[in-house]
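Report on one structure; see the data block that follows.
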Amino acid sequence: MVLREPLTSSWTISLRPHEDAGAPELPPVLAAQVPGCVHTDLISAGLIDDISIDGREADQQWLWRTDVTYRTTINHRPGNDVVQLVFRGIDTVADILINGVTRLSVKNMHRTHAVDISSEIAVGDVDVEVRIQAPLPDAEKHVAELGLYPRPYDMPYNYQRKMACSYGWDWGPITISSGLWKPVELHTWSRAKFSDLGVAGSVHDGTPVLSGSFKIDGSTDGLKVRVSLRDGDVTLATNESSATSETIDSLPVPQAQLWWPRGRGDQKLYTCVVELIDGEDVLDSLTRSVGFRKVELDTSDIGEDQLFAIKVNGERLWIRGANWIPDDPFPTRVTLARYRQRLDDMLEVGITGIRVWGGGIYESEDFYNLCDAEGVVVWQDFLFACAAYPETSEMFEEVELEVEEAVRRLQSHPSLVIWCGGNECIEGFQYWGWQEPLGGRPWGDSFYRKTIPGVLGRLDRTRPYIPGSPFSSHSDDVRSFKSGTNHIWDVWNELGYERYEEYSPAFAAEFGFNGPGSWPMLTRAIGKDNLDSRDPDLAIHQKAFDGMDKISAGLHREWKTPPVEGHAWYFAAQLLQARAVQTGLKHFRSLYERCSGTILWQFNDMWPAISWAVLDYTGHRKLAWYAMQEAYRPRAVILTRPDFGMPLTLINDTADEWDTPVDLWLINSAGDVAEQAKVHLKVPPYSAKRFDTHELLPGLAAADNLTFVCVDADGIRTARRASMQPAEGVLPQRVQSVIEVTGNSATVTVTSDHFIHELCLLPEIVVEGSRVDKQFVALLPNESTTFHITAPVSLEPLKARLADIVWSHNRLLGS
């Protein structure tokens, strides 16, 4: 059998900054953690601060121009076995030396690389060096050689097969790290072993079928590959094929149960065991978890337009999704426990689909395993983002090998339902002014139209593929709203969030609005006790182009005189983001028959940021997270913008009829109920129903700047102001708040004699890590509501500062 051993201990690194790097004085050798990177080792040694806590980009720029060498020694192993040194991921451009001799040069952090050290280890100890070149000078060399290939940022990330966002993005820091970022292993065997394996479960003509492919190191003469599908200790099916074929013969498993997305059925998983055999001897064995489902892309006509709907096992999904970026600037720090927490945050917010964005990485097995188990469907980008890419022979070779490895590794995951060639690259060529600087040079289109689909045609036909997003399935124009996926960014860049309600996409794959992360995280990051939107230190953590100005413009659209600093600005800026998120998500859901999904930009963050994330780097749930939770309920209540008549839509995305009473209230500028109505409605399964709010509340026709409509169906309550103008006037927050604290939990009960809009608690201002069970309460006159707060530490400090944490739209107007 093959012995696979992790090689994690006794590594060191040494750093060689270039003359122009401006590096500080460094020790000659440091202990290295593998997997890891130069940044994490320097943080552990106390030589740099952690950029995800309070470190500064400007203090770490010297690392962009620093060569890094990893060293270890592997002890002598006499014998005739084959011994292979396997690197699961080297970031990025490196030479691997064995006993001082260069054995392999690599240039792709997304691939596995291996070196045979059999002859060396058989006669003595083996010295291993991995000499990693400084990333930025290497990329700059390619720019000089190949010329400019357009990209949205100054950094030349598109010349390397490296995590693009390590060069910075409009939500993240520039790190440009180097390292052995995935495990290093020692493989020992006598005759042959699997070097790669991919299996996938699908359904053909109603029968679950297992298929796959493999690669073998060593001689395959006379060997066979045996595939067994197991349910616990029971073997359901097995077959054997020649090891020379590299293909697993299709294995029907008629008794297998189907895997279903979340909310549609059970997530049944099986164990697939693939063995390399010589007669009765098992030379190697690998296992994969698999599920069986049929995935289709429905682009059928709907009126003059076309659908873009993922169907699983014949059922159309309405995907409630978000975009996922690397959860840390140094991905090796993301543990299984952290992935588990992030998935729990997804499930609690109502997400049923997640898009792994193309400027990051192919995620850890832990991520996809959790999605499989929870039924969260995955859209997987290949790793191209927002740029033209040189179509050199070297790049073609790297891309093909990278895609082959990624497909084989990921195809067993039933949660993965669609492949995508990349993010906004085709749009960039069509709309971002690339054609003149490119001067007719190839720009990456061949990767998306030929290379990737060519690999998928050989290895994985169990799920659909699109060449990029945005993408039109029935037009050459990727921005067409008649079919395909759309990215909607004019709302953030130029317009108010009500603009979302003018669009009718088949699938909204990117849109979002920017707002601050948690108060304690940002104040710690800038080393101050206040947040001031005019502070350049705070602006460092806002990477979006003109981001602070765009937030300010948005606040002025909402309030006549918005705040600019302190708790009031923090609440207003988070509330603005939350309103935009909820408006966009609810509107697109209201187009239930036409639109088949939303993927909000973005779910998570990788550092202390003012960004589009709904969950900040520390795991704090921004107000936008709660807005998403309201919009992503399987059953949702939606009020559309006032100048469109403020129609009411009820969404029922469940298998059961929704039979519910619906209460409506018209609230006047004094915060009193001016009119009330009650109806009884039935909404069939997986459908929407729409109603004329003016018929139910005739007084809505005379609404002014501070009139609100409030709706409640089965306890699902929403409210919206009946004006598009900035809110002005006085709508005071007259509330009585009572707090009870028991250790690290607390309740806050709030009562008011008049209507309170968007009642929220901000306990994180006082106690970091505190979490509230709800936000955005629409409190009717003489009602009470109770919030539940939890924290990892005592909540006693909240007693003395209760007034600091109770906020609402009313309080902003009153202040």
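The values are calculated or read from the model by the stated rules, or taken from the named source; none is laboratory data. Just so it is clear, the structure is predicted and the values come from calculations on it, not from any experiment. Neighbour counts are summed over all protein chains in view; Cβ atoms, including those assigned to glycine, are modelled from backbone coordinates with ideal geometry. Accessible surface areas use protein heavy atoms only, side chains included; no ligands, DNA or RNA. Shrake-Rupley method; radii C 1.70, N 1.55, O 1.52, S 1.80 Å.
Being open to solvent by less than 30 Å² (accessible area, probe 1.4 Å) and on the phi < 0 side of the Ramachandran plot holds for only one residue in Leu297, Leu269, Leu258, Leu307, and it is Leu307.
The number of residues in region 770-790 that are open to solvent by 10 Å² or more (accessible area, probe 1.4 Å) and among the aromatic types (Phe, Trp, Tyr) comes to 1.
Which is of a type in the set (A, V, I, L, M, F, W, C), buried (at least 22 other Cβ atoms within 10 Å of the Cβ), modelled with pLDDT of 95 or more and under 30 Å from Asn239 (Cα atoms), of Val199, Val203, Val130?
Details: Val203 fails: buried (at least 22 other Cβ atoms within 10 Å of the Cβ); Val130 fails: under 30 Å from Asn239 (Cα atoms).
Just one listed residue meets the conditions, Val199.
For every residue, the table says whether it meets (1) closer than 30 Å to Glu402 by Cα; (2) part of a strand (DSSP E or B); (3) polar (S, T, N, Q).
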{"residue": "Gly55", "(1), (2), (3)": "no, no, no"}
{"residue": "Ala58", "(1), (2), (3)": "no, no, no"}
{"residue": "Trp62", "(1), (2), (3)": "yes, no, no"}
{"residue": "Tyr70", "(1), (2), (3)": "yes, yes, no"}
{"residue": "Thr73", "(1), (2), (3)": "yes, yes, yes"}
{"residue": "Pro78", "(1), (2), (3)": "no, no, no"}
{"residue": "Val83", "(1), (2), (3)": "yes, yes, no"}
{"residue": "Gly89", "(1), (2), (3)": "yes, no, no"}
{"residue": "Asp95", "(1), (2), (3)": "yes, yes, no"}
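Among the residues here, Val793 qualifies as within 34 Å of the chain's Cα centre (by Cα), open to solvent by 70 Å² or more (accessible area, probe 1.4 Å), modelled with pLDDT of 95 or more and not hydroxyl-bearing (Ser, Thr, Tyr).
Restricting attention to region 740-764, which residues are assigned to a strand (DSSP E or B) and either open to solvent by less than 30 Å² (accessible area, probe 1.4 Å) or touching a residue at least 60 places away in the same chain (Cβ under 8 Å) (or both)?
Of the residues in region 740-764, the ones assigned to a strand (DSSP E or B) are 740-742, 745-752, 756-761.
Hits for region 740-764 are Val741, Ala746, Val748, Val750, Ser752, Ile756, His757, Glu758, Leu759, Cys760, Leu761.
Restricting the search to region 229-247, which residues are open to solvent by 10 Å² or more (accessible area, probe 1.4 Å), in contact (Cβ under 8 Å) with a residue 24 or more places away in the chain and in a strand (DSSP E or B)? Passing the criteria: Arg230, Asp231, Leu236, Ala237, Glu240, Thr247. Against the condition open to solvent by 10 Å² or more (accessible area, probe 1.4 Å), among the polar types (S, T, N, Q), in contact (Cβ under 8 Å) with a residue 12 or more places away in the chain and in a strand (DSSP E or B), how does Thr220 come out, does it pass? Spelling it out, it is not the case that Thr220 is open to solvent by 10 Å² or more (accessible area, probe 1.4 Å), among the polar types (S, T, N, Q), in contact (Cβ under 8 Å) with a residue 12 or more places away in the chain and in a strand (DSSP E or B). Scan region 555-573 and give yes if some residue there is without any contact (Cβ under 8 Å) to a residue 60 or more places away in the chain and buried (at least 24 other Cβ atoms within 10 Å of the Cβ), otherwise no. Yes, because at least one residue in region 555-573 is without any contact (Cβ under 8 Å) to a residue 60 or more places away in the chain and buried (at least 24 other Cβ atoms within 10 Å of the Cβ).
Answer with yes or no whether Leu731 is of a type in the set (A, V, I, L, M, F, W, C) and not in a strand (DSSP E or B). Can you show your working first?
Values: of a type in the set (A, V, I, L, M, F, W, C): yes; not in a strand (DSSP E or B): yes.
Judged against the criteria, Leu731 is a match.
Taking (1) part of a loop (DSSP other than H, G, I, E, B); (2) at pLDDT 95 or above; (3) closer than 22 Å to His18 by Cα in turn, Asp154 satisfies each apart from (2). Out of the residues in region 38-67 that are of a type in the set (Val, Ile, Thr) and in contact with a Lys or Arg (Cβ under 8 Å, 6 or more places away or on another chain), which is most open to solvent (accessible area, probe 1.4 Å)? Per the criteria, the residue is Ile53.
A count restricted to region 392-426 and to residues that are buried (at least 19 other Cβ atoms within 10 Å of the Cβ) and over 19 Å from Glu363 (Cα atoms) stands at 4.
Of the residues making up region 574-630, those that are aliphatic (A, V, I, L, M) and not in a helix (DSSP H, G or I) number 9. Every condition in (1) within 22 Å of Asp605 (Cβ to Cβ); (2) free of Cβ contacts under 8 Å to residues at least 40 places away in the same chain; (3) not small (Gly, Ala, Ser) holds for Glu348 except the one numbered (2). When the residues of region 682-705 are filtered to those that are under 16 Å from Arg641 (Cα atoms), assigned to a loop (DSSP other than H, G, I, E, B) and without any contact (Cβ under 8 Å) to a residue 40 or more places away in the chain, the one that is most open to solvent (accessible area, probe 1.4 Å) is Asp704. Going through (1) open to solvent by 20 Å² or more (accessible area, probe 1.4 Å); (2) assigned to a loop (DSSP other than H, G, I, E, B) one by one, Val767 falls short only on (1). So, Phe545, is that one within 30 Å of Ser166 (Cβ to Cβ), open to solvent by 20 Å² or more (accessible area, probe 1.4 Å), of a type in the set (A, V, I, L, M, F, W, C) and not in a helix (DSSP H, G or I) or not? Judged against the criteria, Phe545 is a match. Considering (1) open to solvent by 10 Å² or more (accessible area, probe 1.4 Å); (2) over 27 Å from Asp328 (Cα atoms); (3) of a type outside the set (Gly, Ala, Ser), the lone condition that Leu85 does not fulfil carries the number (1).
Screening Ser228, Ser190 for residues that are at pLDDT 95 or above and farther than 15 Å from Val86 by Cα leaves exactly one candidate, Ser228. When Pro35 is tested against (1) surrounded by fewer than 16 Cβ atoms within 10 Å (Cβ to Cβ); (2) outside any strand (DSSP E or B), exactly one condition is not met: (1). For region 164-176, indicate whether the set of residues that are among the aromatic types (Phe, Trp, Tyr), modelled with pLDDT of 95 or more, under 32 Å from the mean Cα position of the chain (by Cα) and open to solvent by 10 Å² or more (accessible area, probe 1.4 Å) is non-empty. Looking for residues that are among the aromatic types (Phe, Trp, Tyr), modelled with pLDDT of 95 or more, under 32 Å from the mean Cα position of the chain (by Cα) and open to solvent by 10 Å² or more (accessible area, probe 1.4 Å), one finds at least one in region 164-176, hence yes.
May I ask you to verify whether Gly79 is over 27 Å from Ile121 (Cα atoms) and either in contact with an Asp or Glu (Cβ under 6 Å, 6 or more places away or on another chain) or surrounded by fewer than 15 Cβ atoms within 10 Å (Cβ to Cβ) (or both)? If you could, list the steps in order and put the result at the bottom.
Working: over 27 Å from Ile121 (Cα atoms): no; either in contact with an Asp or Glu (Cβ under 6 Å, 6 or more places away or on another chain) or surrounded by fewer than 15 Cβ atoms within 10 Å (Cβ to Cβ) (or both): yes.
Answer is no for this residue.
From the list Ser250, Ser289, Ser285, the one residue that fits, being under 21 Å from Val199 (Cβ atoms), open to solvent by 60 Å² or more (accessible area, probe 1.4 Å) and of a type in the set (Gly, Ala, Ser), is Ser250.
Scan region 447-487 for residues that are open to solvent by less than 20 Å² (accessible area, probe 1.4 Å), without any contact (Cβ under 8 Å) to a residue 40 or more places away in the chain and outside any loop (DSSP other than H, G, I, E, B) and jot them down. Correct list: Asn486 only. Identify the residue in region 1-32 that is of a type in the set (A, V, I, L, M, F, W, C) and in a loop (DSSP other than H, G, I, E, B) and, among all such residues, is nearest to Leu136 (Cα to Cα). So, considering only residues that are of a type in the set (A, V, I, L, M, F, W, C) and in a loop (DSSP other than H, G, I, E, B), the one nearest to Leu136 (Cα to Cα) is Ala21. For region 504-540, residues that are touching a Gly at 6+ places or on another chain (Cβ under 9 Å), open to solvent by 30 Å² or more (accessible area, probe 1.4 Å) and in a loop (DSSP other than H, G, I, E, B) total 1.
Could you say whether any residue in region 666-681 is within 25 Å of the chain's Cα centre (by Cα), of a type outside the set (Asp, Glu), under 15 Å from Thr718 (Cα atoms) and open to solvent by less than 40 Å² (accessible area, probe 1.4 Å)? Within region 666-681, not a single residue is within 25 Å of the chain's Cα centre (by Cα), of a type outside the set (Asp, Glu), under 15 Å from Thr718 (Cα atoms) and open to solvent by less than 40 Å² (accessible area, probe 1.4 Å).
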